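Okay, so here's the structure we're looking at.
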Amino acid sequence: MSSILKVIEKLKLNALNIEDVPESFSSDVYKLTLACGETVFVKIPFNKDKLFREFQMLETLKDIIPVPKVLDIWYGDESTTGALLLSSIQGMPCTGEVDKKLSYEIGVYLAMLHEVRTPGYGYHVTDGFKQLDQNNWRMHIKRNFEKWKEPCKQILDSKFQSIRPMLALEKVLPFYDFYDAFCAVVWCKNRGIEKNQTFLQENIVTLRNTVGY
């Protein structure tokens, strides 16, 4: 609670009521009722990279799909990562049955999201947009997998080896490459082979190498 009180002070908010928003797993989120009657939300991410990443994404999407408006941002101090002050948007959680009309609307918004372009494969950090090495998302995921393979293997060996056999990761990785490339070929077919020809050929080569063709 001390962090939200500090944010309220820094953003100079006159809050009459503070409610904790449950199931906010990557940030602390609070619903505030201001003295003027307005409802706003304060989001306190767990690290500064997430603060900037979410701010930039909300700014990017604000004219494309309905997202909360960033009313203010506090960049934090030595003890707090910072916070976003967000507007309230109309709607409610979709917890009931999803009918055809709602399914269509969800599909439309998903298609609009897929049309949003970024400077490349990467993510927003504190000092700007960080592009992945070689601008290759598949290689980035694979390197991350390799980086954690040995530490995870050590943990599994020491804790669970007596319970069940160790997963043969060297056999799993080629299957991941095959599955990823196969899905990419289907994506190219659905989105247009001619305009995605380079991407298509890259994945065909991956498929051939995987099966030894």
Original post:
Which angle from 0 to 90°, rounded to the nearest 10, does the C-alpha axis of helix 137-159 make with the longest principal axis of the chain?
Top reply: 90 degrees
Original post:
If you work out mean projected area of the Cα convex hull in nm² from the coordinates, which of [x] 17.9; [y] 14.8; [z] 12.7 do you get?
Top reply: [x]
Original post:
Lys130: which lysines have alpha carbons under 17 Å from its alpha carbon, excluding same-chain residues fewer than 8 sequence positions away?
Top reply: Lys48, Lys50
**OP:** On a 0 to 90° scale, report how tilted helix 169-191 is relative to the longest principal axis of the chain, with both axes built from alpha carbons and the result rounded to the nearest 10.
**Re:** 80 degrees
Subject >> Principal-axis tilt of helix 197-211 within the chain, Cα atoms, nearest 10 degrees >> reply: 60 degrees
Original post:
Rounded if a/c is under 1.5, else prolate if a/b beats b/c, else oblate: with a ≥ b ≥ c from the C-alpha gyration tensor eigenvalues square-rooted, which is the range 2-88?
Top reply: oblate
Original post:
Hey, what number do you get for the chain at 222 nm if only DSSP H runs of n ≥ 4 count, each worth -39500 (n - 2.57), divided across all residues, to the nearest 500?
Top reply: -15500 deg cm²/dmol
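Magnitude of the Cβ-charge dipole of the range 2-88, K/R +1 and D/E -1, about the Cα centre, nearest 20 debye?
120 debye
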Subject >> Dipole in debye (nearest 20) - the chain, about Cα centre, beta carbon charges: Lys, Arg +1; Asp, Glu -1 >> reply: 600 debye
Subject >> Radius 12 Å from Cβ of Gly120, net charge of other residues (Lys, Arg +1; Asp, Glu -1) >> reply: +1
**OP:** Would you work out the relative contact order for the range 21-87, in percent, from Cα pairs under 8 angstrom that are 6 or more residues apart?
**Re:** 30 percent
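No lab work stands behind these numbers, since they all come straight from the coordinates. Remember, predicted model here, so these are calculated numbers, not experimental data. All Cβ positions, even for glycine, are placed from backbone atoms using ideal geometry, and neighbour counts span all protein chains on display.
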